[in-house]
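Notes follow once the structure below has been shown.
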Number of protein chains: 2
Amino acid sequence: MATEGFRALDEKSLVEYIKATPSLCSKLGNQLDDLQIKEVGDGNLNFVYIVIGSAGSFVIKQQALPYIRCIGESWPMTKERAYFEAVTLKEHGRWCPDRVPEVYHFDRTMSLIAMRYLEPPHIILRKGLIAGVEYPLLAEHMSEYMSRTLFCTSLLYHSTTVHRQAVAEFCGNLELCRLTEQVVFSDPYKESQYNRWTSPYLDRDAEAVREDNALKLEVAELKSMFCERAQALIHGDLHTGSVMVTHDSTQVIDPEFAVYGPMGFDIGAFIGNLILAFFSQDGHADPVNDRKAYKQWILRMIEDTWNLFQKKFTTLWDEHKDGSGEAYLSAVYNNPELFLLAQRKYMKDLLHDSLGFGAAKMIRRIVGVAHVEDFESIHDASKRAYCERRALEFAKMLLKERRRFQTINEVVLAIQDLPS
Amino acid sequence: MATEGFRALDEKSLVEYIKATPSLCSKLGNQLDDLQIKEVGDGNLNFVYIVIGSAGSFVIKQQALPYIRCIGESWPMTKERAYFEAVTLKEHGRWCPDRVPEVYHFDRTMSLIAMRYLEPPHIILRKGLIAGVEYPLLAEHMSEYMSRTLFCTSLLYHSTTVHRQAVAEFCGNLELCRLTEQVVFSDPYKESQYNRWTSPYLDRDAEAVREDNALKLEVAELKSMFCERAQALIHGDLHTGSVMVTHDSTQVIDPEFAVYGPMGFDIGAFIGNLILAFFSQDGHADPVNDRKAYKQWILRMIEDTWNLFQKKFTTLWDEHKDGSGEAYLSAVYNNPELFLLAQRKYMKDLLHDSLGFGAAKMIRRIVGVAHVEDFESIHDASKRAYCERRALEFAKMLLKERRRFQTINEVVLAIQDLPS
Ligand SMILES: Nc1ncnc2c1ncn2[C@@H]1O[C@H](COP(=O)(O)OP(=O)(O)O)[C@@H](O)[C@H]1O
Ligand SMILES: Nc1ncnc2c1ncn2[C@@H]1O[C@H](COP(=O)(O)OP(=O)(O)O)[C@@H](O)[C@H]1O
Ligand SMILES: [Mg+2]
Ligand SMILES: [Mg+2]
Ligand SMILES: [Mg+2]
Ligand SMILES: [Mg+2]
Ligand SMILES: [Mg+2]
């Protein structure tokens, strides 16, 4: 681990750092006189500075603390995650440059990444969803990002040689994986000092999660899949807080949890967080806006995201079926009927994985350590608990019964059919 | 890769090597005067020398050729596999010292392992099965080896930290994995210059394998599991030719294909090769011995191996349920009913994986590049084809319908119920 030579920067020392780094100076058109620097980190692990000069700009992300910000020094965390974040931004950017900010500079010793500044009106998607804003290209863009990054880092696209080498490298990001294992797959299902929920309203609900044998059996399967299955280079934290949007633009940031893992973990994170956004809407309704139409829009996004993902992913597969991917050799899957059957089976399994991981991600946001602003911003605790309970009940059902859903439309219908 | 300093040894230079290696000299009680040296390699990749002195002995295995012996220089193969074999002998030996020959010396540059000589009457199990010899402790010993090595290298026993580090290391054995991927999961299902079968008898059968859509869909799933799922440190080549036996002793050798992979790949290799032995018996029957009783003994071994494996594996799990394994935290799987359900689900999935991989291993031995002596030693080609066809048909059924078997007894009954 790189600790030698590391210095946590503040706004002042950051300027010195920039001045001493030619690639950063040139990004600013060598106009370093009146730089505006603003710390905007809202995450739990890192510092993020926006740097704006008169002739250019960028964002600096430094993983400054060797522990988790919101919990404190009791939860140490390697700084090497900066390396995996930088490598993943570049690798995902290679396959989907329009949806990933360009990396300008990476300093491993300093755990520091400089990347494109996603200028206003870019905001974090989660905030847009809370505000009730529609993003017409969201499903199109997110399906593009997920299909390209997941397909192109899987055995559908590359050889097992390339794959095993890449898997080996990302095994190094194990501390971040362990955090996921704990907060997603373990803590919500046991007593843990870190867990919290809207108390006392959800006391019984949290207990019910801890006592649900069928649920815990399914969670074990998902946890094993997360720990053992190197299907593709996943982002690892693809909730709506890792996406920045405008009306026309969608950008995926913050892949520090990246690892070779199951594709459904990314797809599920995104869809699960959209479902959370859906269930939070009742808490944001007011006399001016009852959010009814907006709720339907969110459901449409869920449906479109998966359906477009499926379409783009299988189209990539069609295009590359004679390529270097080694999972389905064209000499073996050599007739159109068989090829179609293989794709259908693959996509059906992937849908079920995605629903399972999505549901697990929902549950942990309601009874685990880290909650989501969608619910947290509902100040009336009883109203918040009502929204959270409905989301939790749906997630539990989805996790246990995911295999009975054949299409995403059936999932959306199940949400629409819930009693209010 | 270590090529610098490498020299392929012959019987003469081997003596020089031994003399220059103190640990080997001392294994021979420093009595180096009239060493008997015999090359016994029957494999395709390596040279194996038995070294016997007046006061000690050992076996030297050198992976001398950077390609596969039987195919020639057209199929290059890294010498680093010696490293993975040595590491695995030691790791598996650590968990199950009674079933793995002790490693005395490893020389990475020379791709050379010295290990305990498994003295006569040890013979390769496959040869014993062809000769019709019963080994009363076989199921007991093999279930012990598999349960210990697989359990203790899985997330049931160790932390995800240890696991990801070990997975990363074994990703380096990718060339041997690629060989498995090709010869087990790809070549038998397509036209390949390497494939062969008992022609012309099985021409139509080989073609049927290549045209069986349902079979090829299932094989894709198994191949993905092999390539993606790092469940435990598997031997990787656990057929009956990798086991040496006497009446009282069972020793597992030759783990050069070791990798973190699905446990079912090892269990299936062993059971699948026992099933091959079963189907070959009709070809070895003669007026003196109709092999009927021996066939029943093989079936009993199949059943006992799995059932004892299951028992020993779950016993280990019971014993270590509060240990460092992170797949099933005791705080989550915290009531006896749930814990039992979790074990049952795990073992049911593992049985299905094992049957699938076992069947795939059977198929490849009949229509792929490398055949087994069980059948090859049946000189009458039409008789051989008859035995092979029955094995092939059973394997195809098993691969496609493995999930309908709830116990190993049902599999054995299905074999017994076959029309002759
Ligand atoms: N490239 C960028 N352009 C603009 N804002 C950014 C950029 N990267 C991060 N941010 C802002 O900083 C916040 C924290 O960044 P993020 O990478 O998510 O860090 P963390 O890992 O700490 O969550 C984001 O939520 C976003 O508001
Ligand atoms: N430790 C040993 N003691 C006795 N014989 C051995 C030993 N190891 C290997 N052999 C003999 O050498 C043969 C080849 O060894 P093996 O490790 O299987 O090499 P390969 O990888 O070439 O198949 C075995 O089938 C067995 O007959
Ligand atoms: Mg973030
Ligand atoms: Mg982050
Ligand atoms: Mg061998
Ligand atoms: Mg061999
Ligand atoms: Mg071998």
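Every number in this text was worked out from the coordinates using simple rules, so none of it is lab data. All of these numbers come straight from a predicted model, not from anything done at the bench. When we count neighbours, we look across all protein chains shown, and the Cβ atoms used for this are built from the backbone with ideal geometry, even at glycine.
Structural remarks
- For B:Ser199, A:Ser159, order by how many other beta-carbon atoms lie within 10 Å, fewest first: B:Ser199, A:Ser159
- Peptide A:179-188 shows a mean partner chain C-beta count of 2 within 10 Å per residue C-beta.
- Look at A:Val40, B:Val245, A:Val332, A:Val288 and count the other Cβ atoms within 10 Å of each Cβ; fewest to most, that gives A:Val288, A:Val40, A:Val332, B:Val245.
- Taken one residue at a time, the phi angles of the stretch A:135-147 give Karplus couplings (6.51, -1.76, 1.60, θ = phi - 60°) of 10, x, 9, 4, 5, 4, 6, 5, 5, 5, 4, 5, 5 Hz. Gly and Pro are set to x.
- Ascending list, in nanometres, of distances separating the B:Glu337 label from those of the other copies (7 Å, Cα toward Cβ): 4.8
- Highest-MSF residue in chain B out of B:Arg300, B:Arg148, B:Arg365 [GNM, Cα springs under 10 Å]: B:Arg300
- For the peptide A:257-264, the mean number of other protein chain Cβ atoms found within 10 angstrom of a residue's Cβ is 1.
- Relative contact order, whole percent, for the stretch B:223-362 stands at 30, derived from Cα pairs under 8 Å and 6 or more residues apart.
- What the Cβ-Cβ distance of A:Asp34 and B:Glu221 gives, at R0 = 51 Å and to the nearest 0.05, is a FRET efficiency of 0.25.
- Pair A:Ala381, A:Glu140: separation of 7 Å Cα→Cβ label points (nm): 4.5 nm
- P(r), alpha carbons of the protein assembly as shown - 20 Å bins starting at zero, rounded %: 14, 43, 31, 10, 1, 0
- With label points defined 7 Å past Cα in the direction of Cβ, position A:Glu169 shows copy-to-copy spacings of 2.2 nm, given to one decimal and shortest first.
- Report summary: the helix-based calculation at 222 nm, which adds -39500 (n - 2.57) for every DSSP H run with n ≥ 4 and divides by the residues of the protein assembly as shown, gives -16000 deg cm²/dmol.
- Annotation for B:Lys321 and A:Asp304: the two label points, set 7 Å from Cα along the Cα-Cβ direction, are 5.0 nm apart.
- Note on chain B: along the principal axes its Cα atoms extend 61, 60, 41 Å, ordered by decreasing extent.
- Mean separation of Cα pairs under 8 Å and 6 or more residues apart, divided by the residue count, gives chain A a relative contact order of 17 percent.
- Part-to-part distance (alpha-carbon centres) for the stretch B:287-305 and the stretch B:173-223, which is given in Å: 29 Å
- Gain on full stretching of the segment that runs from A:Ala331 to A:Glu207 - 0.36 nm per residue minus C-alpha separation: 39.3 nm
- FRET efficiency estimate (nearest 0.05) - Cβ-Cβ, A:Val162 to B:Ala20, R0 30 angstrom: 0.15
- Label points for B:Asp290 are taken 7 Å from Cα along Cα→Cβ. From this copy to the others they lie 8.4 nm apart, shortest first.
- Cα centroid separation - the stretch A:103-133 against the stretch A:247-280, whole Å: 15 Å
- Sequence-distant residues sharing a close amide H with A:Tyr104 (under 5 Å, placed H): A:Ala114, A:Met115, A:Arg116
- Per-residue Cβ neighbour rank within 10 angstrom, fewest leading, A:Arg344, B:Arg116, B:Arg196: A:Arg344, B:Arg196, B:Arg116
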